[in-house]
Amino acid sequence: MQIDSEEAWAAVQRRDRHYDGRFVTGVLSTGIYCRPSCAARHPRRDNVRFFADGASAAKAGLRPCRRCLPDDVSRDSAAVEQAIAAIKLAESSPSLADLADLTGYSPGHFQRLFTRATGLSPAAYARALREERARDALSDEGNVTAAIYDAGFSGPSRFYQSMEGKLGMAPSAWVRGGEGVAIDWAVVETTLGPMLVAATAKGVCRLSFNEGVEALQQRFPQAELRQGSAQFAKLLQQVVDAVEQPGQAQHIPLDVQGTAFQQKVWQELRRIPAGETRSYAEIAAAVGSPKAVRAAGSANGANNVAVLIPCHRVVRSDGSLGGYAYGLEIKRALLDKERDDRSDTPPAG
């Protein structure tokens with residue numbers, strides 16, 4: 001495993017638990033190795049060496065820290081994976097006590113452990129898994145009731161209560177290609193080229209470059225696609241302003257659908273300030289899944305609302321641009337525009 005020493009040192013300084021298990025910190029002056037999140041006083045940078053795991057550090061003559069117990073990370077990870085497998089296989093969600101008993105931890109400790117690793121409590125993880133299965137089933141089959149039970153819900157009422165506001169439209173409309181849903185749309189010229197903007201009554205559901213209405217017709221063949229709404233015209237201007245003047249971007253309502261993991265990644269993308277970038281590895285770590293770098297990249301690519309969910313601000317660890325659905329030229333132009341806008345903004349105070 002290749003370790004970016006600057007990224008690793010920054011994680012150590014933050015005592016970032018998301019990096020536990022990705023590497024260990026060897027302290028040459030004391031002869032011990034620690035988790036990145038160890039609560040002990042930070043060593044001097046020139047006394048630190050990073051290792052892929054405890055075995056590598058031990059081979060170099062270091063011993064595990066008695067305070068943070070870095071060798072327990074693998075056991076913790078195995079326990080979380082075991083619990084996730086149990087949740088996925090169970091017909092009904094296992095209780096916290098059941099999961100704790102399965103993994104050999106106390107309920108309170110396991111709750112904290114699971115939440116640190118996934119960003120969700122075991123109960124919330126199970127609920128998100130059911131919602132994800134329901135969303136997938138609704139896309140694949142025409143029987144809404146069958147999809148509800150197949151996803152693990154006890155009945156339609158529990159499903160509708162859980163999914164309220166998360167599909168962006170009624171489940172029956174989702175499975176029928178947006179039937180009964182009105183989507184306003186427009187293609188406008190920007191300094192980056194033609195931009196397609198589409199929105200439901202809840203918010204923007206599509207923002208893309210160099211696409212026409214055909215992209216909407218393919219995704220929502222039964223939806224009512226319309227133009228000319230005064231309310232949409234106001235929203236459209238806000239979107240154009242957000243693209244052309246990133247520093248003046250307003251809070252724009254969105255109507256997007258995704259898995260629990262995708263939603264976490266998209267929320268993290270929206271936290272990246274304009275003019276800055278993050279690596280795919282940093283995004284994976286920030287959402288509590290440091291080993292899921294490829295999955296974070298896939299979630300980044302599944303974003304249907306460019307710029308407003310700023311997937312263009314994610315680059316490779318070496319600083320190169322990586323990929324972009326609408327071409328690297330547009331990605332580079334967006335980043336340059338944001339950096340220029342930030343440098344032109346006078347400091348506060």
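Computed from the coordinates by the stated procedures, all read-outs in this text should not be read as laboratory data. Keep in mind that this is a model prediction, so the values were computed, not measured. All Cβ positions, even for glycine, are placed from backbone atoms using ideal geometry, and neighbour counts span all protein chains on display.
Tell me, in nm to one decimal, what length is gained between Arg116 and Lys291 on full extension, where the rule is 0.36 nm per residue of separation less the Cα-Cα distance?
Full extension from Arg116 to Lys291 adds 61.6 nm.
So if R0 is 56 Å, what FRET efficiency would Leu28 and Ala123 give, r being the distance between their Cβ atoms, rounded to the nearest 0.05?
For R0 = 56 Å, the calculated efficiency reads 0.80.
Could you calculate the FRET efficiency of Glu329 with Ala60 from 1/(1 + (r/R0)^6), where r is the beta carbon distance between them and R0 is 45 Å, rounded to 0.05?
For Glu329 and Ala60, the calculated efficiency is 0.45.
When a/c reaches 1.5 or more, the comparison of a/b and b/c decides; with that in mind, is segment 211-349 rounded, prolate or oblate per its Cα gyration tensor?
oblate
Separation between the His42 and Glu244 pseudo-spin-labels, each 7 Å from Cα along Cα→Cβ, expressed in nm?
4.3
So between Arg49 and Glu81, what do we pick up on full extension, going 0.36 nm a residue minus the alpha carbon distance?
Result for the pair: 8.6 nm of gain on full extension.
How far apart, in nanometres, would the label points at Ser5 and Asp318 be if each is projected 7 angstrom from Cα along the Cα-to-Cβ direction?
Computed distance between label sites Ser5 and Asp318 equals 1.8 nm.
Using a/c under 1.5 as the rounded threshold, could you call segment 260-342 rounded, prolate or oblate? The axes a ≥ b ≥ c are square roots of the C-alpha gyration tensor eigenvalues, and prolate needs a/b larger than b/c, oblate otherwise.
Cα axes put segment 260-342 in the prolate bin.
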